1. Considering only region 259-271, I want to know if a residue exists there that is at pLDDT 95 or above, over 25 Å from PRO40 (Cα atoms), among the aromatic types (Phe, Trp, Tyr) and under 19 Å from the mean Cα position of the chain (by Cα).
2. Identify the single condition in (1) under 28 Å from SER270 (Cα atoms); (2) surrounded by fewer than 23 Cβ atoms within 10 Å (Cβ to Cβ); (3) over 15 Å from the mean Cα position of the chain (by Cα) that LEU51 does not satisfy, given that it satisfies every other one.
3. Out of region 273-301, which residues are at pLDDT 95 or above, aliphatic (A, V, I, L, M) and either in a helix (DSSP H, G or I) or over 16 Å from GLY73 (Cα atoms) (or both)?
4. Is it fair to say VAL157 is buried (at least 23 other Cβ atoms within 10 Å of the Cβ) and over 24 Å from ALA70 (Cβ atoms)?
5. Select from region 5-45 the residues that are out of contact with any strand residue (DSSP E or B) (no Cβ under 6 Å at 6 or more places or on another chain) and among the aromatic types (Phe, Trp, Tyr) and write down the one among them that is surrounded by the fewest Cβ atoms within 10 Å (Cβ to Cβ).
6. Looking at region 230-245, which of the residues that are under 21 Å from the mean Cα position of the chain (by Cα) and farther than 22 Å from VAL84 by Cβ is surrounded by the fewest Cβ atoms within 10 Å (Cβ to Cβ)?
7. Could you list, in sequence order, the residues of region 246-263 that are over 9 Å from LEU81 (Cβ atoms) and out of contact with any Phe, Trp or Tyr (no Cβ under 9 Å at 6 or more places or on another chain)?
Amino acid sequence: MPLITSCAPTPPLKVATWSFPACDLLRWRVADNAAIRWIPTAGDAETTFLLRFHRADVALLTLDLALREAALGTPLTVIGLLDVSHGADMVLVREGFTTPERFASARIAVAHTGLGAITYALARQALGLPLSWENTVAIPVSDQVAAWQAGQIDAAVTFEPFASQLRALGAVPLIDSSRLPPLILDVIVARSDVLDSAAASLKILISEWFSALNAWRHHPDETAQALAPYLGVAPDAVPALFSGIRLLDCAANQEKLRTGLRTEQAALWSILTAAGFPLPPEQPPLPTSVAVLPPCTESPR
C-alpha cells in the first residue's frame, strides 16, 4: 500500500493590539492575509494578558510596556519597530504656566502609565528641571478634560484627541515629544518561544508593515481612503493622525534593532523605577532580532 501522509495547515499568527494609527495601518494591510489573525483588544492590559498566557504570539506595544511585561517573566523579543513619537505626546498648560519656573509649581495631570511617566520625566529634563513627582496628580488622560474644567489642574501630559479638547478650553503647548529624546517607541514583539516555529509568518507580518508604509508614503490619498474606516474618521482627517509620529522604515529597523535598543531600554527602566512602578531590582532581558526583517534598499528615514 502506498504511504499516505498529510500535513496539518500552519495555524495563523495571532497578533494582539489595541487601536492606534500605525497599528491600524498594518491592520489594514493584513486584513485579507490568511497567515495573520488580528485580535483587537480594549487596551494594554488585555493585550499583555493575551501575550503572557499564550493566547497571542505577537503584540504591538510601546517599548516601555514591552519592558515591563518582560519584567513579569514573559519571554519577548522585539522583531520590528513601527514608529517613534515626534510631537504626538505633549504637555499642555494654562496661560501663566508657560515658563519652566512656573511649570515647576503647577498641578500636573499625569496618567499612571509608563507613557505618561516617560513623557513627564523627559519634559522636565528638557526644561532643565530636576525630576520631581511632588505636584503631579494621577488622572487618566480621558478624565483630564473634566479635571481641567473643574479647575483641579494647571497642566496635563496628554495626546490626541484629548489635546485638542484641552486646547479648546484654553490650554497652550509647553513642550512636545519632537523636542524630547526618541524613547517613545511603538514596537512589534513576539513571544520568544515562537520565533523559530512561526518564522515564516513573522516574516510575512514584518514585510506587510513595510508594504503598508510604502503605500502610505507613495499613495497617500488612496491609502487614507482605505484607512478611514479603521481609524473612524473621514479620509481627509487621516493625515493629521500621523502628523505627530515618525514611521520607521526597513533601514531604520535594521539600524536600531542591531543596537539591541540598549540605550533606550536603560533610559526607560530608569524612569519607570523612579516613577515607582513595581519592578524587580534588575532590568530584565528584552532582546531584539533582525532575523525576520527583509533586505533593505533605502537609507534610514
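1. Looking for residues that are at pLDDT 95 or above, over 25 Å from PRO40 (Cα atoms), among the aromatic types (Phe, Trp, Tyr) and under 19 Å from the mean Cα position of the chain (by Cα), one finds at least one in region 259-271, hence yes.
2. Result: LEU51 passes all but (2).
3. VAL290, ALA291, VAL292, LEU293
4. Yes; evaluated as a whole, the condition is true for this residue.
5. That would be TRP18.
6. GLY232
7. ARG246, ALA251, GLN254, GLU255, ARG258, THR259, GLY260, ARG262, THR263 - these are the residues of region 246-263 that are over 9 Å from LEU81 (Cβ atoms) and out of contact with any Phe, Trp or Tyr (no Cβ under 9 Å at 6 or more places or on another chain).
Per-residue answers, yes or no, for (1) crowded, with 20+ Cβ neighbours inside 10 Å; (2) in contact (Cβ under 8 Å) with a residue 12 or more places away in the chain; (3) of a type in the set (A, V, I, L, M, F, W, C); (4) closer than 26 Å to PHE53 by Cα:
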position: THR77; (1), (2), (3), (4): yes, yes, no, yes
position: ASP89; (1), (2), (3), (4): yes, yes, no, no
position: THR99; (1), (2), (3), (4): no, no, no, no
position: HIS112; (1), (2), (3), (4): no, yes, no, yes
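The values are calculated or read from the model by the stated rules, or taken from the named source; none is laboratory data. The structure displayed is predicted, hence computed values, not measured ones. Here the Cβ is made from the backbone with ideal geometry for all residues, glycine too, and neighbour counts use every protein chain on show.
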